[in-house]
Amino acid sequence: MLGRGPVGTPLALALVAAAAGCVRYVPRPIAPERTAAALEARRLSDPGLLAFLRAQDSVAAPPTSWTLPSLTAAALYFNPDLAVARADFATARAAVGAAGAWPNPALDVDVAAITSGSTRSPSVLSAMLGIPFLTAGRRGIKVAAAQARARARLLGIASAAWTVRSAVRDAALAWWSAGRAAALARRATDGESALVTMLQRRLAAGESSALDLGREEIALDRARASLRRDRTRRAAARVRLAAAVGVPVEALDSVRLDLDAFAGALPAPPSDVDARASAVLARSDIRAALAAYAAAEAALRLEVARQFPNLTLSPGVHWEPELRGLTITPSVVLPLFNRNRGPIAVATAERDAAAARFVRLQAGALASVDQALAEYGASLGALASADSAAVAQRALAARTEAMFRAGEVDRVALVSAQVAAVATGQEQLAARTQAWTALGALESATQRPLVGGGWVPAPTALDTLPEAGTR
């Protein structure tokens, strides 16, 4: 027992002060029922979302209709993938502070009472303070490694944001395309139904053949099947869009979606040089892999530094009844059995692996951008051909209608021309959808917005995005 001796009181005060400065544990349990209810209650009228939208220059709040930019902004607010990426970055950022912490000194106190027979001598007390000194700059190296890992996690938020943006864009395109396709399929079904009715009457009057009627009945069945398929695709795309935004599908029921930007002009493809440079140098996953390599490099430096032992200086005091003393005791770990060569070899291999992963990622980026450029260029050519065919077929349908009014052709010819115009419209829509899909792949390969509609903030600001509550 230390009592109130020359060391006991200061030691007790030091222990009390250390306990007072400790961080208290605060429990924060997850209530699954509450988080599920919060997820189900998410709506695009959420006040936090509207405040987030008002802070953006390119998005109105509240939107009168939800476009691709506003849906993308909502996804950046709601989507859980971004919440996970931000949590990972917060962990890495906290690790930077932990890496820079100085090691605490150690206090060793020894109290002894010496007895000889029935005689008990006064207590002998000694105290020694062990102060560690990190050598070879290893504290700075640890901080550098933690900073590199935090940088990689920050860029991971940007990668997650691009993934979210791409998911919203693809789902929105699927919803818009399926809606247009269903409208065209409805027109084709109506036209084929009218043709079947007219040919049935002609067959009954002996003015048509069963072959012509059978051909149109098959076309009608195909049109009806296409209509059912497109309606199913539209419903599925609506669910997919809600999931990409991070809200329940019911949240889309009370808002107006305006995605007619997909009907607009598509941009010319970027130059090969610019696209390839963006893919291999500017993409967030490329930069994150480079930061991961820097962390592996710092880890190797740390293992090399650990060849040199840390130094501990232990100043101490010694009290005896007739004797007072002050000592300073240095201590080091002697590298007699190993010089940390095993961990150095491991860290070297891990650095080489990080370099190989970086090169693999760059090679994949080059391949993806080359493929995306080729597919986008080809899809633009196919769209131009489909547009020309659709214009020509609509012109033919207009001439046929003029001839019908002049009594030069019958109604079967008119409806047949109109059905043919719908068919070329369906081919035009398919070509447009494919072109937008290829453009999306090119944007994802370069991580560059190539046309207005959807955005991603800079990586340095991504960790400050508000997070929708789920607790």
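Residue by residue, here is whether (1) modelled with pLDDT under 90; (2) closer than 23 Å to A390 by Cα; (3) in contact with a Pro (Cβ under 9 Å, 6 or more places away or on another chain) holds:
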position	(1), (2), (3)
R187	no, yes, no
R202	yes, no, no
E207	yes, no, no
A219	no, yes, no
V247	no, no, no
L257	no, no, no
**Item:** Pair list, Cβ < 8 Å and 6+ apart or interchain, from the range 166-178 residues that are over 9 Å from R240 (Cα atoms) to residues that are of a type in the set (G, A, S) and not in a helix (DSSP H, G or I)
**Value:** R169/G453; R169/G454
**Prompt:** Within the set of pairs 6 or more residues apart or between chains, which connect a residue that is farther than 14 Å from T348 by Cβ inside the range 287-308 to a residue that is part of a loop (DSSP other than H, G, I, E, B) and of a type in the set (S, T, Y) with Cβ atoms less than 7 Å apart?
**Reply:** F308/T135
**Message:** Yes or no: the range 29-48 includes at least one residue that is over 21 Å from the mean Cα position of the chain (by Cα), of a type outside the set (D, E) and modelled with pLDDT under 85.
**Reply:** no
**Request:** Scan the range 363-377 and report the pairs whose first residue is closer than 10 Å to D272 by Cβ and whose second residue is exposed (fewer than 15 other Cβ atoms within 10 Å of the Cβ), with Cβ atoms within less than 7 Å and a gap of 6+ or a chain change.
**Result:** L373/D272
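Yes/no matrix, rows are residues, columns are (1) modelled with pLDDT of 75 or more; (2) in contact with a strand residue (DSSP E or B) (Cβ under 6 Å, 6 or more places away or on another chain); (3) under 21 Å from G316 (Cα atoms); (4) of a type in the set (V, I, T):
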{"site": "F89", "(1), (2), (3), (4)": "yes, no, no, no"}
{"site": "A94", "(1), (2), (3), (4)": "yes, no, no, no"}
{"site": "A98", "(1), (2), (3), (4)": "yes, no, no, no"}
{"site": "A101", "(1), (2), (3), (4)": "yes, no, no, no"}
{"site": "V111", "(1), (2), (3), (4)": "no, yes, yes, yes"}
{"site": "G130", "(1), (2), (3), (4)": "yes, yes, yes, no"}
{"site": "L134", "(1), (2), (3), (4)": "yes, no, yes, no"}
{"site": "R138", "(1), (2), (3), (4)": "yes, no, no, no"}
{"site": "V143", "(1), (2), (3), (4)": "yes, no, no, yes"}
**Asked** Quick one: what pairs do we get from the range 392-421, first residue in contact (Cβ under 8 Å) with a residue 12 or more places away in the chain and among the β-branched types (V, I, T), second part of a helix (DSSP H, G or I) and exposed (fewer than 15 other Cβ atoms within 10 Å of the Cβ), C-beta under 8 Å, 6+ apart or different chains?
**Response** T400/A413
**Request:** Write out, first by first residue and then by second, each pair whose Cβ atoms fall under 8 Å of each other, whose residues are 6+ apart or on separate chains, and whose first residue, in the range 336-348, is over 12 Å from L302 (Cα atoms) and surrounded by 11 or more Cβ atoms within 10 Å (Cβ to Cβ) while the second is modelled with pLDDT under 95 and polar (S, T, N, Q).
**Result:** R339/Q307
**Asked** Only one residue in A355, A398, A345 is in a helix (DSSP H, G or I) and closer than 26 Å to R215 by Cβ. Which one?
**Response** A398
**Request:** For the range 271-285, enumerate the residues that are within 26 Å of S70 (Cβ to Cβ) and either assigned to a loop (DSSP other than H, G, I, E, B) or modelled with pLDDT of 95 or more (or both).
**Result:** R283
**Message:** Within the range 225-239, does at least one residue satisfy the condition of being under 36 Å from the mean Cα position of the chain (by Cα) and outside any helix (DSSP H, G or I)?
**Reply:** no
**Message:** If I ask for residues that are over 16 Å from V109 (Cα atoms), assigned to a strand (DSSP E or B) and modelled with pLDDT of 75 or more, which ones from the range 304-328 would you list?
**Reply:** L311, T312
**Item:** Residues satisfying the stated conditions in the range 429-450, i.e. among the β-branched types (V, I, T) and crowded, with 19+ Cβ neighbours inside 10 Å
**Value:** T433, T446
**Request:** Please enumerate the residues belonging to the range 58-73 that are modelled with pLDDT under 80 and either within 17 Å of V451 (Cα to Cα) or small (G, A, S) (or both).
**Result:** S58, V59, A60, A61
**Prompt:** Taking into account only those residues within the range 206-234 that are surrounded by 14 or more Cβ atoms within 10 Å (Cβ to Cβ) and not charged (D, E, K, R), which is nearest to A194 (Cα to Cα)?
**Reply:** L220
**Asked** Out of all the residues in the range 250-260, is one or more out of contact with any His (no Cβ under 6 Å at 6 or more places or on another chain), part of a helix (DSSP H, G or I), in contact (Cβ under 8 Å) with a residue 60 or more places away in the chain and within 27 Å of V419 (Cβ to Cβ)?
**Response** yes
**Request:** State whether one or more residues within the range 293-314 are closer than 30 Å to S271 by Cβ and buried (at least 17 other Cβ atoms within 10 Å of the Cβ).
**Result:** yes
**Message:** Restricting to the range 383-410, and then to whatever is crowded, with 17+ Cβ neighbours inside 10 Å and of a type in the set (G, A, S), can you tell me which residue is nearest to V273 (Cα to Cα)?
**Reply:** A386
**Residues satisfying the stated conditions in the range 279-311, i.e. of a type in the set (K, R) and more than 17 Å from the chain's Cα centre (by Cα)** = R301, R306
**Asked** If the Cβ limit is 6 Å and pairs must be 6+ apart or interchain, which residue in the range 36-54 that is over 17 Å from P248 (Cα atoms) pairs with which residue that is of a type in the set (A, V, I, L, M)?
**Response** L50/A61; L53/V59; L53/A61; L53/A73; R54/A61
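The values are calculated or read from the model by the stated rules, or taken from the named source; none is laboratory data. This is a predicted model, so every value here is computed, not measured. Positions of Cβ are generated from backbone atoms using ideal geometry, with glycine treated the same way; all protein chains shown enter the neighbour counts.
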